[in-house]
Amino acid sequence: MFIGEYAHTFDDKGRLTIPAKFRDELAGGVVVTRGIDRCLLVFPRPVWDTLAERIAKLPLTERNARN
């Protein structure tokens, strides 16, 4: 689990620098998505794939599931 707050900027090519202490664990790929309060959430690819599978099973017609 990656917990913390990091203030970063994007480089001239629009790339975000990942803190060095996380790079080994994220080497298999990452998914960056919008979180709450203008934050970005970064998931290692295997974690994202598991989460996406769970979300795909939720009924889109139910408000609580969408939330």
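Details
- The chain: angle of helix 45-56 to the longest principal axis, Cα-based, in degrees nearest 10: 20
- Which labelled figure in (1) 1.51; (2) 1.10; (3) 1.33 is Cα Rg over 2.2 N^0.38 Å, once derived from the coordinates: (3)
- In the context of the full set of protein chains, residues of the chain present 95 Å² of accessible surface per residue (probe radius 1.4 Å, heavy atoms only).
- Simple point charges give the picture: +1 on the Cβ of Lys and Arg, -1 on the Cβ of Asp and Glu, and for the chain a dipole about the Cα centre of about 200 debye.
- Taking the charge dipole of the chain about its Cα centre, with +1 at Lys and Arg Cβ atoms and -1 at Asp and Glu Cβ atoms, the residue from VAL30, ALA52, LEU41 reaching farthest to the positive side is ALA52.
The values are calculated or read from the model by the stated rules, or taken from the named source; none is laboratory data. Worth saying up front: this structure is predicted, and the values here are computed from it rather than measured. Counting neighbours? That spans all protein chains shown, and the Cβs are built from the backbone with ideal geometry, glycine included. All accessible areas refer to the heavy atoms of the entire protein, side chains included, with ligands and DNA or RNA removed. Shrake-Rupley method; radii C 1.70, N 1.55, O 1.52, S 1.80 Å.
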